Structures are given as structure tokens and as C-alpha cells.
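S.K.: One structure follows; several queries about it will come next.
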Amino acid sequence: MKKTIFFIPAILLTAYYGGLAFGVGPSSVQPMIWVSLLLLWSGGILLSRRFIWGAFCGALPGLLLIYQSTQKNIQLLQMELPLGLALLLFYMFCVCALYQRS
């Protein structure tokens, strides 16, 4: 398995929120999002070095998104739940693939 696969969520979400911060302004992105991006990058680094517990760093933002989807939001599109579930499933796949290779 290529090591760059572990960085896919971090790259995609960094590009999205970086573009949002660049276009609208850095105050438009909450500080918790920056912490989540840091967790995603650290999870990718740990997984690329074959530490299975690095997936917990990546799964924490997914759990945070699932928790945020349970709060009362008045939004037209609620993308927190599907995005959180996708992150959890991705990191479960990464753990299974690393465990199978070791």
C-alpha cells in the first residue's frame, strides 16, 4: 500500500479549509478545525510509519463531526454526519490494511 493513501483526508480537508480561509478570511474557520487538521496530519504520519494506533488520531475528527451532527443546527445542508462516518470508515480500512501487511 502506498504511504500517500494515509494522507488523503488531510490533503483534501486542508485544501478545502485553506481555500476557505484564504478566500473569506482566517476568522471564518473555527480553531477546532485547525486542531482537527493537525490530528489528521499526525495520524497520516503515524500510519505511514506503520503505527496502527495512529488511526485514533485520524478517527478523533470523525467522532467530533458525528458529535456535531447531533447538536441542534439550523443549516440547509448537514454534512457533518456523512463526513464523520466516511473518516471513521477510512481509518478502519487503514488499520485493517496495516494489520494484514504486518
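The values are calculated or read from the model by the stated rules, or taken from the named source; none is laboratory data. Just so it is clear, the structure is predicted and the values come from calculations on it, not from any experiment. Quick reminder, even Gly has a Cβ in these numbers, built from the backbone with ideal geometry, and neighbours come from all protein chains shown. Heads up: the accessible areas ignore ligands, DNA and RNA and are worked out on the full protein's heavy atoms, side chains in. Shrake-Rupley method; radii C 1.70, N 1.55, O 1.52, S 1.80 Å.
S.K.: Mind checking segment 7-102 for trypsin sites (Lys or Arg not before Pro) that DSSP puts in a loop (not H, G, I, E or B) and that have at most 15 other Cβ atoms within 10 Å?
M.R.: Loop-located and lightly packed - Arg49, Arg50, Lys72.
S.K.: Largest first, please: the extent of the C-alpha atoms of segment 30-102 along each principal axis, to the nearest Å.
M.R.: Answer, in whole Å and largest first: 46, 23, 14 Å.
S.K.: If you find the alpha carbon centre of segment 1-26 and of segment 46-65, how far apart are they in angstrom?
M.R.: Here the two parts' Cα centres lie 16 Å apart.
S.K.: Same structure again: For the chain, what is the accessible area per residue in Å², given a 1.4 Å probe and the full set of protein chains?
M.R.: Per-residue accessible area for the chain comes out at 68 Å².
S.K.: Take Ala97 and Ala15, extend 7 Å from each Cα along the Cα→Cβ direction, and tell me the distance between the two endpoints in nm.
M.R.: Taking the simple label geometry, Ala97 and Ala15 are separated by 1.7 nm.
S.K.: From the convex hull of the Cα coordinates of segment 1-41, what is the mean projected area in square nanometres? Working shown, then result.
M.R.: Details: hull surface 10.9 nm².
Reported value for the Cα convex hull: 2.7 nm².
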